Amino acid sequence: MANDLSKNKRSSNARDRYIARKLRERRIEMRLSQADLANSLGITHQQVYKYEQGIDRIPASRLYEFAKILSVPISFFYEEEKGESRLSKEKELVVTCANLQARKVRLKFFKLKATLTDTNTQEDYDVEIF
């Protein structure tokens, strides 16, 4: 009977733990606490801790919410450790303006090299901003 409990179908696997690690790394990179992230989702910081430790699996809908809050595409959580996407050494900047609601925002960059992708044609444009 104890053996049945240790092989719970809902327990996390290697992929779940990888996603959990990516979530934690991105949260720290953005200088957010677990409480900050939890508050933005309406959950407890203990639940964020469980997600980041791989104790609880992250539901797809919650992963989508994490991606929006952490300003990354959902694919960020699925990139392979070795041979990541072509942006593995670069940072992808995703700006969502829908939630700004009449707020004035200023982005400041210090010599930025970027690739802009037309969402309709998927054509890339390289730009440099000084």
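So here's what we get for this one:
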{"item": "Approximate spin-label separation A114-A14, in nm, with each point projected 7 Å along Cα-to-Cβ", "result": "3.7 nm"}
{"item": "Given charges at beta-carbon only (K, R positive; D, E negative), |dipole| of region 29-84 in Debye", "result": "220 debye"}
{"item": "Two-site label geometry, R31 and Q46: point separation in nm, points 7 Å out along Cα→Cβ", "result": "3.0 nm"}
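All of the numbers you see were taken from the coordinates with simple rules; none came from a lab. Because the structure is a prediction, the values reported are computed rather than measured. Note: ideal-geometry Cβ built from the backbone for every residue, glycine included; neighbour counts use all protein chains shown.
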